[in-house]
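Q: One structure coming up, written as structure tokens, with questions to follow.
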Amino acid sequence: MFGFFGAKKADVIEHWYALVPDFSISTREFYADIEKQLKERQVPGLDIAYVDFAEGGVLSAKREYLRMTRERLVFDICAAPFGTAFFFSCRFAQIPTIIRLWQLLVVIIGTFLATTLVLRFAGLILGGLLLLAGMGFLIYLLRNAVALGLKDLDATLIKSPVFGPIYENWFRKETYYRHDTRLMYCDTINSVVKAKVEEVTGAKGIKLVRFMEHSPILSELYKVSEHLNNQNIQPLKHNE
């Protein structure tokens, strides 16, 4: 939860690949078809991008991957030649919500400056009441952003480089709905990519035998948490 140095590295949870002998297709066309299908499915909160990863060191050639991101859940898809064969791979990872020391310092300094300004212009008594009321309203807003229909605010806060991890760890409520949508997101991406691999290989008359998988998807990360099991969650509204 807390960290002080270094970048946030994604934790790979599941990885599968398929190696197809004597086969070749256009990597860009494969990615474009995946992107098109996902856009047609209108997966909420999905961001799609093309990223380059070095094959070896800094000066080595780069390999292009198709990346799908929703909140802190990432899928990296690769389709590339391997000698006379062709391989497809899919990695599912989570970017951890680590709170850095500098993020805490920024929030503390910002809170101190805001408190100083309010007390200076409103006085000790009125200013203190305004601060308490404002703090209570802010906490309520952060805890119920999506339920209040403020989905854009929720998405913006998650992506915030300063306040994002603090918001997710301390304010953003975990609900059955969020748990379910993560599962639906993971299953949707996984099934679309696998179906596309089978489609393009089948079109060339190749029967794909199997996908080699490591770390079964969703095995540990998305078990219903003890927090959810122990709380009495009220029925969720459709927009929560």
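Q: According to a simple spin-label model (label point 7 Å from Cα along Cα-to-Cβ), what is the distance in nm between LEU138 and LYS159?
A: 2.3
Q: Between LYS36 and LEU150, take the C-beta separation as r, use R0 = 35 Å, and let me know the FRET efficiency to the nearest 0.05.
A: Plugging the Cβ-Cβ distance into 1/(1 + (r/R0)^6) gives 0.70.
Q: While we're here: Given H placed 1.01 Å from N in the peptide plane, which residues other than close sequence neighbours of ALA80 have an amide H under 5 Å from its amide H?
A: Residues meeting the amide H criterion: PHE87.
Q: Here is a follow-up. Check ILE99: other-chain or 5+ apart residues with amide H under 5 Å from its amide H, H built from backbone geometry?
A: Close amide H contacts, sequence-distant or interchain: PHE2, GLY3.
Q: Between ILE108 and SER26, how many nm apart are label points set 7 Å from Cα along the C-beta direction?
A: 5.6
Q: Calculate the spin-label point distance for LEU129 paired with ALA54, positioning each point 7 Å from the Cα along the beta-carbon direction, and give it in nanometres.
A: 6.1
Q: For a quick size check, give me the Cα extents of region 100-171 along its three principal axes, largest first, whole Å.
A: 36, 30, 16
Q: Quick one: order LEU132, LEU73, LEU183 by neighbouring beta-carbon count within 10 Å, fewest to most.
A: Ranking LEU132, LEU73, LEU183 by Cβ neighbours within 10 Å, fewest first, gives LEU132, LEU183, LEU73.
Q: How large is the Kirkwood hydrodynamic radius of region 51-177, in angstrom, based on all distinct alpha carbon pairs?
A: In region 51-177 this quantity evaluates to 18.5 Å.
Q: Sort THR111, THR84, THR188 so the one with the fewest other Cβ atoms within 10 Å of its own Cβ comes first.
A: Ascending Cβ contact count within 10 Å gives the list THR84, THR111, THR188.
Each reported figure results from applying straightforward, stated rules to the coordinates on display, with no laboratory input. Quantities reported herein were computed from a predicted structural model and do not represent experimental measurements. Glycine also receives a Cβ, built like all others from the backbone with ideal geometry; neighbour counts cover every protein chain displayed.
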